[in-house]
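The values are calculated or read from the model by the stated rules, or taken from the named source; none is laboratory data. All of these numbers come straight from a predicted model, not from anything done at the bench. Positions of Cβ are generated from backbone atoms using ideal geometry, with glycine treated the same way; all protein chains shown enter the neighbour counts. With ligands, DNA and RNA removed, areas are computed over all heavy atoms of the protein, side chains included. Shrake-Rupley method; radii C 1.70, N 1.55, O 1.52, S 1.80 Å.
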Amino acid sequence: MSVILLSINESDVGVDFDRFALTRPGEDGLRSSLRGLVEGGVIEEALLLSTCARTELYVMADQFHATVDEVAAALAQSLQLPITVVQPVTRVLYGRAAVRHLLRVAGGLESAIVGESEILSQVKQALSAARESKIVLGSLGRYFERALEVGKRIRNETLIGSGNVSVTSAAALLAMTSNAALADGTPRVGVVGSGAIGSEVARVLVDHGAEVTLMSSSPERRDLLHRELSGVRVVATSELSGQLASLDTLVMAGSAVPMVLDASILEGFSGLRIIDLCRPRTIERGVAEVAGVVLVDLDDVNRFVSDQLAERMEAVDSVELIIETELADFGELAWLQDMNPVLRALYEEAERVRESELSRSLKRLGATDPGMIEELELLTHRLVNKLLHHPATSLREQTGAEGFAEFLENFKTIFRL
């Protein structure tokens, strides 16, 4: 059983990533499809990590090629795209490489803003959602728990999280410094989305003296936020159009119901600043220009904080050292889980053949002398061990290396395991 990762991320596909970003219903549908694969025995476990910059599927499975094909097909269906479009942009990692990537994600090295802290809460939420969907039941969950611990250690022991350069803090600062907010004195900001990012943006804004209205489509979530967020007005997302007139800035931070802001909604609100943190985008730049609103999208936010990243970049080497150290410790189980069953099957099959052929030969020879039988037993054991020594050694040497998945598949094919 090994970890297999299928990853589509913005750093690989650029502006086209919008096509591969899942909506909330898409995420729920994909988890349902993954549960079907678990129940059908195609995979053992699965976890979806879906953020504004990545769509990643981590699975535990025995077979490599068949698993990748099945999971990629489920992803393509959820994205409502042909598999021929999805597969070319999907990065596939296996075993050690997949675990290293998970640690890099948790450590903030794979984020658009290096070291940003939101990813830890996103990984935690992804693990919780997978457990609620009953698609994470065992070792995959333990890998993610350990990755969260490593992510916290990295931020405690290095400067990778230094400075005020997270997506949420940057969005809040941009909202506070809009022209309308500066002219009025008290920034009036609406935040659509009550998840981790939306809630954190609202908290930061209130801490800095803004008048904040948080919009959520979930009645349960609104009730919870009423209790948890002091100083924040919480309303239904359906009230958005009625709220626009009282806002200087609107922050789009995600919604359970996919939203698109078009020119008709924005008509009459020229000068409104919209900070769009969503993937897919909720407003296109052309629509913003027609409506006369000021659009700041996630790319703009990333550029805004890029000049504050120097100190964080100096910490990258220290983070990578921690990751490699942790990888040697907790990652070892992943590749041993790949290798040991194959080696066991190899030796068990060899022993079955040895016993069968030895029994036939002893009968044919009419051998009854205990000394001779024992000597033949030892001889056949030595022959089997010598014949399997080099293949077994090669397998151990390749374990966890790049290309190990292909090597293991070929190994099993050659020996019919």
Legend entry - Whole-number D in µm²/s for the stretch 1-73 (Stokes-Einstein; Kirkwood sum over Cα pairs; 20 °C, 1.002 mPa s): 170
Inset, instruction - First measure r as the distance between the Cβ atoms of Leu365 and Ala245, then evaluate 1/(1 + (r/R0)^6) with R0 = 60 Å and state the FRET efficiency to the nearest 0.05. - result: 0.05
Inset, instruction - At 1.4 Å probe size, with no ligands or nucleic acids counted, give the accessible surface of Asp276 in Å², nearest ten. - result: 0
Legend entry - Leu214 long-range amide H proximity, modeled H, under 5 Å: Val191, Arg233, Val234, Val235
Inset, instruction - With unit charges on the beta carbon (Lys/Arg positive, Asp/Glu negative), name the residue among Gly271, Ala130, Leu343 whose Cα is farthest towards the positive pole of the charge dipole of the chain. - result: Leu343
Inset, instruction - Give the accessible surface of the stretch 1-84 per residue, rounded to a whole number of Å², with probe radius 1.4 Å and ligands, DNA and RNA excluded. - result: 38
Inset, instruction - Starting from the Cα of Leu309, step 7 Å along the direction of its Cβ; do the same at Lys152; then give the gap between the two resulting points in nm. - result: 2.7
Inset, instruction - Would you check the accessible area of Glu375, probe 1.4 Å, heavy atoms only, in square angstrom rounded to 10? - result: 100
Inset, instruction - Can you tell me how much longer the chain between Phe415 and Ser121 gets when fully stretched, taken as 0.36 nm per residue apart minus their C-alpha distance, in nm with one decimal? - result: 101.4 nm
Inset, instruction - For the stretch 33-179, compute Rh as the Kirkwood radius over C-alpha pairs and then the Stokes-Einstein diffusion coefficient at 4 °C and 1.567 mPa s; write the answer in µm²/s, rounded to an integer. - result: 78
Legend entry - Scattering curve values for the chain, log₁₀ I(q)/I(0), Debye with Cα scatterers, q = 0.07, 0.09, 0.11 Å⁻¹: -0.43, -0.64, -0.87
Inset, instruction - Kindly express, to the nearest 10 degrees and within the range 0 to 90, the angle between helix 196-207's C-alpha long axis and the longest C-alpha principal axis of the chain. - result: 40
Inset, instruction - Provide the FRET efficiency to the nearest 0.05 for the Leu81-Glu39 pair, computing r from the beta carbons and using R0 = 22 Å. - result: 0.35
Legend entry - Accessible area, probe 1.4 Å, largest first, for residues Arg273, Arg221, Arg285: Arg285, Arg221, Arg273
Legend entry - Degrees separating the helix 370-398 axis from the principal Cα axis of the chain, which is the longest one: 30
Inset, instruction - Note the angle between two axes, namely the Cα long axis of helix 404-414 and the longest principal axis of the Cα atoms of the chain, as a number of degrees from 0 to 90, rounded to the nearest 10. - result: 30
Inset, instruction - Could you list the residues of the stretch 89-105 with an amide nitrogen less than 14 Å from a label point located 7 Å from the Cα of Val13 in the Cα-to-C-beta direction? - result: 89-92
Inset, instruction - Measure off, as a whole percent, the carbon and sulfur share of the 1.4 Å-probe accessible area of the chain, all protein chains present. - result: 51
Inset, instruction - Compute the accessible area per residue over the stretch 204-327, keeping the other protein chains in place, probe 1.4 Å, unit Å². - result: 48
Legend entry - About the Cα centre, charge dipole magnitude for the chain (Lys/Arg +1, Asp/Glu -1 at Cβ), debye: 700
Legend entry - Extension gain from Ala263 to Glu324, taking 0.36 nm per residue of separation minus the Cα-Cα distance: 17.0 nm
Legend entry - Positive dipole terminus of the chain, leading residue within Met372, Leu229, Val294 (C-beta point charges): Met372
Legend entry - Gain upon complete extension [Glu351, Ala73; 0.36 nm per residue less C-alpha separation]: 96.1 nm
Inset, instruction - Please list, or write none, the lysines whose alpha carbon is within less than 22 Å of the alpha carbon of Lys124, excluding same-chain residues fewer than 8 places away. - result: Lys134, Lys152
